[in-house]
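A.B. asks: Next up is a structure, given as structure tokens.
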Amino acid sequence: PLEVGATAGACGAFVMFGFTDSPNPGAVLLETLTSSHYMEQQAELDGYGLVFEYLRSAALNPTDSLDMISAIAAEM
């Protein structure tokens, strides 16, 4: 994680919903301690979609993730 540097994910946590059997293009959910905010405008969905794809492409695959977690745990 430290080798990648700052990422687009630093904007905070979000949940993307997609509805394949619906004309609705989807939604993005942002939650805070006291509120929830849903975004449904296409421009907003596009922006979060780009962030999601960036994070997905920067992430390790499952095997490499487990190897990294094991290596860190062994150092503790």
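A.B. asks: Grab the other residues whose beta carbon is less than 13 angstrom from that of LEU29, score K and R as +1, D and E as -1, and report the net. Can you show the working numbers first?
C.D. replies: Numbers: positive: none; negative: GLU31, GLU40, GLU44.
So the surrounding residues net to -3.
A.B. asks: Rg and Dmax of the chain, using alpha carbons, in Å: what are they?
C.D. replies: Rg then Dmax for the chain, in Å: 16.0, 50.
A.B. asks: Summing Lys, Arg as +1 and Asp, Glu as -1, what charge do residues with Cβ under 14 Å from the Cβ of PHE52 carry, PHE52 excluded? It would help to have the intermediate numbers written out before the result.
C.D. replies: Numbers: positive: ARG56; negative: GLU44, ASP46, GLU53.
So the surrounding residues net to -2.
A.B. asks: Arrange MET68, MET76, MET39 by Cβ neighbour counts within 10 Å, fewest through most, would you? Intermediate results must be reported in sequence, preceding the final value.
C.D. replies: Values: MET68 12, MET76 4, MET39 17.
With the sparsest Cβ surroundings first, the list reads MET76, MET68, MET39.
A.B. asks: Determine, from the Cβ-Cβ distance of THR34 and ALA58 and an R0 of 30 Å, the FRET efficiency 1/(1 + (r/R0)^6), rounded to the nearest 0.05.
C.D. replies: Details: r = 31 Å, r/R0 = 1.03.
So, using R0 = 30 Å, E works out to roughly 0.45.
A.B. asks: Provide VAL51, VAL15 in ascending order of the number of other Cβ atoms located within 10 Å of each residue's Cβ, fewest first.
C.D. replies: VAL15, VAL51
A.B. asks: Computed FRET efficiency, Cβ-Cβ of MET68 and VAL15, R0 25 Å: what is it to the nearest 0.05?
C.D. replies: Working: r = 25 Å, r/R0 = 0.99.
The calculated FRET efficiency here is 0.50.
A.B. asks: I would also like to ask the following. For the range 13-75, what is the charge dipole size about the Cα centre, in debye to the nearest 20, if Lys and Arg each add +1 at the Cβ and Asp and Glu each add -1 at the Cβ? Let's see the in-between values first.
C.D. replies: Working: 1 positive and 9 negative charges, 10 e Å.
Once rounded to the nearest 20, the dipole reads 40 debye.
A.B. asks: Can you compute the FRET efficiency between GLU75 and ASN24 using 1/(1 + (r/R0)^6), with r the Cβ-Cβ distance and R0 = 35 Å? Round to the nearest 0.05.
C.D. replies: Details: r = 47 Å, r/R0 = 1.33.
Given R0 = 35 Å and the Cβ-Cβ separation, E is 0.15.
A.B. asks: Shifting gears a bit: Do the sum for the chain: with -39,500 (n - 2.57) for every DSSP H run of n ≥ 4, divided by all residues, what is the mean residue ellipticity at 222 nm, to the nearest 500 deg cm²/dmol? Walk me through the intermediate numbers first.
C.D. replies: Details: 2 runs with 31 residues, N = 76.
So the helix-based figure for the chain works out to -13500 deg cm²/dmol.
Read-outs throughout are calculated quantities, based only on the coordinates presented, and are distinct from any laboratory measurement. Note that the structure is a prediction, hence the values are computed from the model and not measured. In this analysis, Cβ positions are derived from the backbone assuming ideal geometry, glycine residues included, and neighbour counts consider all displayed protein chains.
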